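What follows is a single structure, written as structure tokens, with notes after it.
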């Protein structure tokens, strides 16, 4: 796989790695949990809860890839673009641009 010149070039590839709606749902659940954990930790003052962020975010996403997509998460090859892609896809799902 070649390197991507920009996130704009990467994102169509990223979406192609998430063709299965069940994988996208797992990503959405994981990202939603990340937001809830961060908010709960900040508002409660229990910052130790933040250790759950990568577990929730990556755990759900990777299960979606391993069980439904049957592919290797882009995180392993493009960690920064992949993290960006997670949140852009999350926003696109919320706006109805990507189907859940």
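The values are calculated or read from the model by the stated rules, or taken from the named source; none is laboratory data. Just so you know, these numbers come straight off a predicted model, no measurement behind them. Cβ placement follows ideal geometry from the backbone for every residue including glycine, while neighbour counts extend to all protein chains displayed.
Regarding residue 36, is this residue part of a helix (DSSP H, G or I), more than 16 Å from residue 84 (Cα to Cα) and out of contact with any helix residue (DSSP H, G or I) (no Cβ under 6 Å at 6 or more places or on another chain)? Even if it seems obvious, please write down each step before you answer.
Details: part of a helix (DSSP H, G or I): yes; more than 16 Å from residue 84 (Cα to Cα): yes; out of contact with any helix residue (DSSP H, G or I) (no Cβ under 6 Å at 6 or more places or on another chain): yes.
It is true that residue 36 is part of a helix (DSSP H, G or I), more than 16 Å from residue 84 (Cα to Cα) and out of contact with any helix residue (DSSP H, G or I) (no Cβ under 6 Å at 6 or more places or on another chain).
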Checklist entry - Considering only region 51-100, how many residues are modelled with pLDDT under 95, touching a helix residue (DSSP H, G or I) at 6+ places or on another chain (Cβ under 8 Å) and assigned to a helix (DSSP H, G or I)? => result 2
Checklist entry - Looking at region 76-99, which of its residues are surrounded by 14 or more Cβ atoms within 10 Å (Cβ to Cβ) and either touching a residue at least 60 places away in the same chain (Cβ under 8 Å) or over 9 Å from the mean Cα position of the chain (by Cα) (or both)? => result 78, 81, 82, 84, 85, 88, 89, 90, 92, 93, 98
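Yes or no, residue by residue, for (1) farther than 19 Å from residue 79 by Cβ; (2) surrounded by 14 or more Cβ atoms within 10 Å (Cβ to Cβ):
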residue: 6; (1), (2): no, no
residue: 11; (1), (2): no, yes
residue: 19; (1), (2): yes, no
residue: 34; (1), (2): no, yes
residue: 47; (1), (2): yes, no
residue: 56; (1), (2): no, yes
Checklist entry - Out of curiosity, is residue 60 at negative phi and under 10 Å from the mean Cα position of the chain (by Cα)? => result yes
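If only one of 10, 4, 28, 43 is touching a helix residue (DSSP H, G or I) at 6+ places or on another chain (Cβ under 7 Å) and either more than 18 Å from residue 91 (Cα to Cα) or free of Cβ contacts under 8 Å to residues at least 40 places away in the same chain (or both), which one is it? Before the answer, list the steps.
Numbers: 10 fails: either more than 18 Å from residue 91 (Cα to Cα) or free of Cβ contacts under 8 Å to residues at least 40 places away in the same chain (or both); 28 fails: either more than 18 Å from residue 91 (Cα to Cα) or free of Cβ contacts under 8 Å to residues at least 40 places away in the same chain (or both); 43 fails: touching a helix residue (DSSP H, G or I) at 6+ places or on another chain (Cβ under 7 Å).
Every option except 4 fails the conditions.
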Checklist entry - (1) under 15 Å from the mean Cα position of the chain (by Cα); (2) surrounded by 17 or more Cβ atoms within 10 Å (Cβ to Cβ): which one isn't true of residue 41, the others all being true? => result (1)
